[in-house]
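The values are calculated or read from the model by the stated rules, or taken from the named source; none is laboratory data. No experiment lies behind these values; they were computed from the predicted model shown. Glycine gets a Cβ as well: all are built from the backbone with ideal geometry, and neighbour counts include every protein chain shown.
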Amino acid sequence: MASIKRKSQRVREGDMTIFDHLAELRMRIVRSMLAIGIGAAAILIFYDFVLDIMTQPYRNTCVANPDFNCDGSLYALGPVEGLASRMRISGYGGLVLALPVVLWQLWRFIVPALHPKEKKYSVPFILSAVTLFILGGVTAYWTLDKALEFLIAWSGEDVNQTYQISKYISLVAMMVLAFGIGFLSPVLIVFLQLVGVVSPQTLLRQWRVAIMIIFGLSAVITPSGDPISMLALALPMSLLYLVAVLIGMVAQKRALRRERQSMTP
C-alpha cells in the first residue's frame, strides 16, 4: 500500500521514473487493444450489414453506368479469402469504433508532461478529434462512387470489372482511414499553437507553403490515387487549416487579455 501511495504521489507531481512510464504505456496499450477487440467483435456480429454498406458505392456505380461491364458483385479467389476479409473488416471497424477510447488513452499518457492549463483541453481534444475523424470517413464514403467511376472509366472500354473482396475492402478501409487521419490535422495544429510550439502568425504567413504541402500529402496518402479523391481530401484540409489558425488567434488573444488583467493592480 505504501508503494502504491508513493507511486500515485509521483504521478501527481509529474516525477515518474522510466519504469513508471513503461508501466503506464503498457496499461494504455492494453486498454486500447481491449477496446479495439470489443469493437471488432461488434462488427463481426453485424458483418453482413457492414459489408452491404461498404459495397453500396460499387453497386451504385455499376447501376449508374451500364457500359462499365460490372454488376456490383465481389469475388473470393481462394477458400480462405472470405474469412480473411471478414476478419479484416472486423479489425478496421473495431479500430474506428474504439477511436474515442484510443484517443483518450493517448491523451492520458501525455497529460503528465503538460502544464495544468493545457490539461483542461482534454475533453475538447477528444470530441473534436472523433468528430473530425467521422467527418473524414463520411467524406471518403461519399466520394467513393465518383472515385470508382473515374478508375473504371480509365481502365478501358473492354475491361470487365471483377473485384476481389479482399482488395476492394482494403481500398474502402484505407480510404476511410486516410481521410479520417487527414481531417485530424487541425487538431494537431491547434494543439501546437496552444502549447506555444508555433504561433498563428507564423502559420498564417506560411499559408501558401501549407496549402502546397496539404495537396502533396493528399496525393500521397490517397489510396486510390485518383484526382477526385485527392481534391476531396485536400480542399477540406486546406479549409480546416485556416480554421485551425483562426482558433489559434482567438486563443492567443484570450491568453493575452488574461495576462494583462492579471498584471493590472
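Side notes on the structure shown:
- Qualifying residue in the stretch 84-102 (condition: under 24 Å from the mean Cα position of the chain (by Cα) and not in a helix (DSSP H, G or I)): yes
- Beta carbons closer than 8 Å, at least 6 apart along the sequence or on distinct chains, pair a first residue in the stretch 65-80 that is under 19 Å from PHE150 (Cβ atoms) and touching a residue at least 24 places away in the same chain (Cβ under 8 Å) with a second that is part of a helix (DSSP H, G or I) and hydroxyl-bearing (Ser, Thr, Tyr) for PHE68/THR61; CYS70/TYR58; CYS70/THR61.
- Filter result (under 16 Å from SER170 (Cβ atoms) and polar (S, T, N, Q)) within the stretch 31-88: THR55, SER85
- Number of the condition not met by SER185 [criteria: (1) surrounded by fewer than 17 Cβ atoms within 10 Å (Cβ to Cβ); (2) under 20 Å from PRO223 (Cα atoms); (3) among the small types (Gly, Ala, Ser)]: (1)
- Entry remark, the stretch 166-182: residues being farther than 24 Å from ALA251 by Cα, of a type outside the set (A, V, I, L, M, F, W, C) and buried (at least 22 other Cβ atoms within 10 Å of the Cβ) number 1 in total.
- From the list SER155, SER185, the one residue that fits, being free of Cβ contacts under 8 Å to residues at least 40 places away in the same chain and polar (S, T, N, Q), is SER155.
- Residues that are crowded, with 18+ Cβ neighbours inside 10 Å and out of contact with any strand residue (DSSP E or B) (no Cβ under 7 Å at 6 or more places or on another chain) within the stretch 69-95 comprise CYS70, SER85, ARG86, ILE89, SER90, TYR92, GLY93, GLY94, LEU95, listed in sequence order.
- One residue stands out among those in the stretch 18-68 that are of a type in the set (Asp, Glu) and either closer than 18 Å to SER85 by Cα or out of contact with any helix residue (DSSP H, G or I) (no Cβ under 9 Å at 6 or more places or on another chain) (or both): the one that is surrounded by the most Cβ atoms within 10 Å (Cβ to Cβ), which is ASP52.
- Remark: SER238 falls outside the filter, which requires a residue to be modelled with pLDDT under 90, of a type in the set (S, T, N, Q) and under 30 Å from TYR168 (Cα atoms).
- Taking first residues from the stretch 220-234 that are under 14 Å from PHE183 (Cβ atoms) and partners that are among the aromatic types (Phe, Trp, Tyr), the Cβ contacts under 7 Å between residues at least 6 apart in sequence or on separate chains come to LEU233/PHE179; ALA234/PHE215.
- SER224 vs. criteria among the polar types (S, T, N, Q) and either loosely packed, with under 15 Cβ neighbours inside 10 Å or farther than 15 Å from LYS146 by Cβ (or both): no
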